[in-house]
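Data block below; observations after.
The values are calculated or read from the model by the stated rules, or taken from the named source; none is laboratory data. Please read these numbers as outputs of a predicted model, since none were measured by experiment. FYI the Cβ positions are ideal-geometry reconstructions off the backbone, even for glycines, and counts take in every protein chain you see. Surface accessibility is based on the protein's heavy atoms, side chains included, excluding ligands, DNA and RNA. Shrake-Rupley method; radii C 1.70, N 1.55, O 1.52, S 1.80 Å.
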Amino acid sequence: MSTPADHEPLKKPPKTPAVPRPSSSVLLISPTNQILLLHRVRTSSSFASAHVFPGGALSPEHDGPVPDVDDPGRHQDGLAYRMAAVRETFEECGILLATSKKTGKLFTEISDEEREEGRKAVHSGKVKFRDLLETWDAVPDTEGLVPFTRWITPPNVPKRFSTQMYLYFLPLGSISPTKHASTSSAKTPPNPGLIDEDEIVIPNPTHDGGIEHTAARFLPPNKWIDLARQNRIILFPPQFFLTLLLSPYLASTVTSPSSPIPSLSELQAERDRLAAFLWKPRMYDGKPEVSFAEACISPVVLGKGEYGQQDQDGVGRGVGKDTAVLALDRPGREVEALGHGRCGVREWVVTTRFKKDGPRDVDVRRREDVLGRGVGKL
């Protein structure tokens, strides 16, 4: 996965932007419909302590052939993207999105010790991910991944990615996503500001000794959004936007540690309502909106300033000074050049203030509330 410094914009962007590197990321949903975020270390040179989804760059060695720069598949869902999503989730949080050849169910037939040894071996390159799965009689559950937008880093950022986002739902009724996993770990320090949150804390990523992340935990989407709006945690615009989309549907009644966990039938109903929202055809301003599975988004700052820069001019109604307005309707120059007509979403814009420690006061507003009706591409 990219480091926080990778998202810091260049003071003088090059005439030729960096080529976006293919990567995958997973919105992992727990058996109680809560979402996993990883907490970055505090010692990062910039944007320390950001919360992110598990994910990272595609690897030909582990994931199979990666589409070339000029290949139309470079910016489309495909097997290599799905394999990377499964592998990176395993490396970064220890949860293996695979099924058992014996049972056909989620693979949990190894101990914590075997799982940790496997994570380290894959991360260090000592063993290929596919070979490890074969040794364990496990099959990567690539079919269980649900495409959920693609994001392309703006051109003024030094390290750029073309990231396929996926949803993955762990089975309802599962007590724990891994065999013998505990609900807490002595290796996982509590997050300041989150110590009162009563939820599953899975073991720390151990492949790098905690260099990238200090904790991984599930919380209801609405709780992550509340924490971000209070500036108690840092969410980048993609993480905020996608988590916000889930918040009305998943674990929406779980608002405190004392809130009862919904029943299995209620949890399934939540997932069904989310599915209906994701796949229902949407219209905006009299025109069809692209599906979330096909949407390709490269945020564009409206008005003065570039993505990540503090110098903004608050374009739009009700937008404060030094606040950036990010339009989400453009797919990025690389995808536009392919001529396939792909696009992002027009219905919403993201507002945020870019600070030295990362994006703050991130929120999502309807496009017409900020820019007015009938505003096309800008």
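Whenever a residue of region 231-243 is closer than 11 Å to THR352 by Cβ and part of a helix (DSSP H, G or I), its partners that are open to solvent by 20 Å² or more (accessible area, probe 1.4 Å) and not polar (S, T, N, Q), lying with C-beta atoms within less than 8 angstrom and at least six residues away or across chains, give the pairs PHE240/ASP363; PHE240/VAL364; PHE241/TRP348; PHE241/VAL364. Before we move on, is ARG353 touching a Cys at 6+ places or on another chain (Cβ under 6 Å), of a type outside the set (Val, Ile, Thr) and buried (at least 16 other Cβ atoms within 10 Å of the Cβ)? So ARG353 fails the test. For region 266-286, the set of residues classified as open to solvent by 90 Å² or more (accessible area, probe 1.4 Å), part of a helix (DSSP H, G or I) and not basic (Lys, Arg) consists of GLU266, TRP279, listed by residue number.
Determine, yes or no, whether SER263 is free of Cβ contacts under 8 Å to residues at least 24 places away in the same chain, among the polar types (S, T, N, Q) and surrounded by fewer than 20 Cβ atoms within 10 Å (Cβ to Cβ). The answer is yes for SER263.
Considering only residues in region 116-149 that are farther than 20 Å from ALA293 by Cβ and part of a loop (DSSP other than H, G, I, E, B), the one that is most open to solvent (accessible area, probe 1.4 Å) turns out to be LYS126. Within region 317-326, identify whether any single residue is open to solvent by less than 10 Å² (accessible area, probe 1.4 Å), in contact with a helix residue (DSSP H, G or I) (Cβ under 7 Å, 6 or more places away or on another chain) and under 23 Å from ARG160 (Cβ atoms), and answer yes or no. Yes, because at least one residue in region 317-326 is open to solvent by less than 10 Å² (accessible area, probe 1.4 Å), in contact with a helix residue (DSSP H, G or I) (Cβ under 7 Å, 6 or more places away or on another chain) and under 23 Å from ARG160 (Cβ atoms). Evaluating ARG365 against the criteria (1) modelled with pLDDT under 95; (2) surrounded by fewer than 19 Cβ atoms within 10 Å (Cβ to Cβ) leaves one unmet condition, (1).
Residue by residue, here is whether (1) in a loop (DSSP other than H, G, I, E, B); (2) of a type in the set (Ser, Thr, Tyr) holds:
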site	(1), (2)
SER291	yes, yes
GLU294	yes, no
LYS304	yes, no
GLY314	yes, no
GLY318	yes, no
VAL325	no, no
